[in-house]
Amino acid sequence: MSGYALLARAWGAEVRGWDRVRTPYLGNLPAEVQVEISDEPPVPPEGWEPFVSTAFAGRIAGRSRAELLAELVALREAIVVAGAHGKTTTTAMIAFVLRELGHDPAFLIGGDVAQLGGNAGTGEGWLVVEGDESDRTVEALRPRIAVVTNVDLDHHTTFASRAEVEELFARWLAGVPQAVRGVELAPYEGELAVPGEHNRHNAAVALAALEAAGVARADAERPLAGFRGVARRLERRGESGGVEVFDDYGHHPTEVAAALQALRDDGDRRVLVLFQPHLYSRTRHLAREFGGALSAADTVAVTDVYPAREQPVDGVTGKLIVDALTELRPGMAVAWTPSVDDGVRFLAARARRGDRVVTLGAGDVDRAATLLLEALAS
């Protein structure tokens, strides 16, 4: 919502905001966008139109986040990137290349991009947007170019099967002038600063979208090689005692497997993982798949589920993943550490010089990297 507010203000709207807690994203907003921090939202001024984030949908009166995004997309020639995995990085790659080549894009990205100065920008060129299929709202967006990185079943309370996800994307792509389908592309083999086979796929998709926007591939490859990634996408957070610490947003088995493979690509160093499951529904349906993905590590600590928008489900905890992992790899160093702090202590006690430690998940496990670096230094 901070990105939407920034863009709406730049395009002429008067904007105010509210949240329960102050987050780093608010630092990206100009001073004229006043944001109230309080337990309950204020009453909107007379004549103002309230839009509500997904986090508060159904609890606060107003139009949806998706409706606001659809209005913004309708105001500019737009590229919308969706898909189960890689959409944040792919969106950032496209925006970065356009900016480096002088095309002055506006952009709305689901993560901070240091090279772009944040998660949103207000340029005068293409509007580059990360779309969201989790609540089916991507189908309401009508860009000039629509991109689907890949298809997977990730949101089990929204879709009953992978086929339903495929149908959603097929309908969406059929309604736009130009479509880019990531499944039709081979991984990019050129120079990249971001590691992993998954990022080569992201780069191939980004280049295809840029070509659809009129940017020659040869022109795009040079700046693409200088793209250094998005926060919490296999982000190297530091080193302590000879142990490298990384942080990643991966919260689906496919993403976990990709992150671990990337950490393995350049050597035989041990990989230790602190994984926080995200959502009870995802954990219940994919516990065994998570176990399979995590089995590529040397040591794993699994916390309890980060609930986000869901209520607890009887019998569904992070221990389901621990059980699956110990069944798949008997004798592996695995721990059920319900809290993030427990997981940090477990891994810090076992890490040794030359190891890599990665914190994985979409919840508050993002604080664990700092705690690990502190624990390793003590």
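Here, each number is a calculation from the coordinates, and none is a lab measurement. Bear in mind that the values here come from a model prediction, so they are computed numbers and not experimental data. Quick reminder, even Gly has a Cβ in these numbers, built from the backbone with ideal geometry, and neighbours come from all protein chains shown.
Couple of notes before you dig in:
- The stretch 275-378: relative contact order in percent, alpha carbon pairs under 8 Å with at least 6 residues between: 32
- The chain: relative contact order in percent, alpha carbon pairs under 8 Å with at least 6 residues between: 13
- Inverting the pair-averaged 1/r between distinct Cα atoms of the chain gives 21.7 Å as its Kirkwood hydrodynamic radius.
- Euclidean distance of C-alpha centroids, the stretch 289-348 and the stretch 139-192, integer Å: 30
- Taking only the C-alpha atoms of the stretch 2-65, Rg followed by Dmax gives 11.4, 30 Å.
- Computed from the C-alpha gyration tensor, the three semi-axes of the ellipsoid equivalent to the stretch 112-241 are 26, 20, 16 Å, from longest to shortest.
- Compared with the alpha-carbon gap, the fully stretched path from residue 13 to residue 313 is longer by 103.8 nm at 0.36 nm per residue.
- Inter-probe distance in nm under a simple model that places probes 7 Å from Cα toward Cβ, at residue 20 and residue 53: 1.1
- Relative contact order for the stretch 2-65, counting Cα pairs under 8 Å that sit 6 or more residues apart, in percent: 25
- The angle between the Cα long axis of helix 280-294 and the main principal axis of the chain comes to about 60°, on a 0 to 90 degree scale.
- Using θ = phi - 60° and Karplus 6.51 cos²θ - 1.76 cosθ + 1.60, couplings along the stretch 192-199 (whole Hz; Gly, Pro as x): 9, 8, 9, x, x, 4, 5, 6
- Neighbourhood charge, 13 Å Cβ-Cβ cut-off, centred on residue 71 and excluding it, Lys, Arg +1 and Asp, Glu -1: +2
- As a size descriptor, the averaged projected area of the C-alpha convex hull of the stretch 235-377 was calculated at 7.5 nm².
- Positive end of the dipole of the stretch 236-352 (Cβ unit charges, origin at the Cα centre): among 320, 263, 306, the Cα lying farthest that way belongs to 320.
- Cleavage-rule hits (trypsin sites (Lys or Arg not before Pro)) in the stretch 204-240: DSSP loop, at most 14 neighbouring Cβ within 10 angstrom: 228
- Cut-off under 5 Å, modelled amide H: who pairs with residue 118 long-range: 113
- The spacing between the stretch 200-232 and the stretch 12-39, judged by their C-alpha centroids, is 32 Å.
- Each Lys and Arg Cβ is given +1 and each Asp and Glu Cβ -1; about its Cα centre, the stretch 76-225 then shows a dipole of about 240 debye.
- Once the GluC sites (Glu not before Pro) in DSSP loops with at most 15 neighbouring Cβ atoms within 10 Å are cut out of the chain, the longest remaining piece is 192-378.
- Calculated FRET efficiency, residue 281 to residue 219, Cβ-Cβ distance, R0 = 41 Å: about 0.40 to the nearest 0.05.
- Segment residue 339-residue 63, length gained on full extension (0.36 nm per residue, minus Cα span): 95.8 nm
- Kirkwood Rh, angstrom, the stretch 1-154 [1 / mean 1/r, Cα pairs]: 16.1
- Coupling constants for the stretch 347-362 follow from the phi torsions by the Karplus curve (6.51 cos²θ - 1.76 cosθ + 1.60, θ = phi - 60°), and in residue order they are 6, 4, 6, 10, 6, 9, 3, x, 6, 10, 10, 10, 9, 10, x, 9 Hz; glycine and proline get x.
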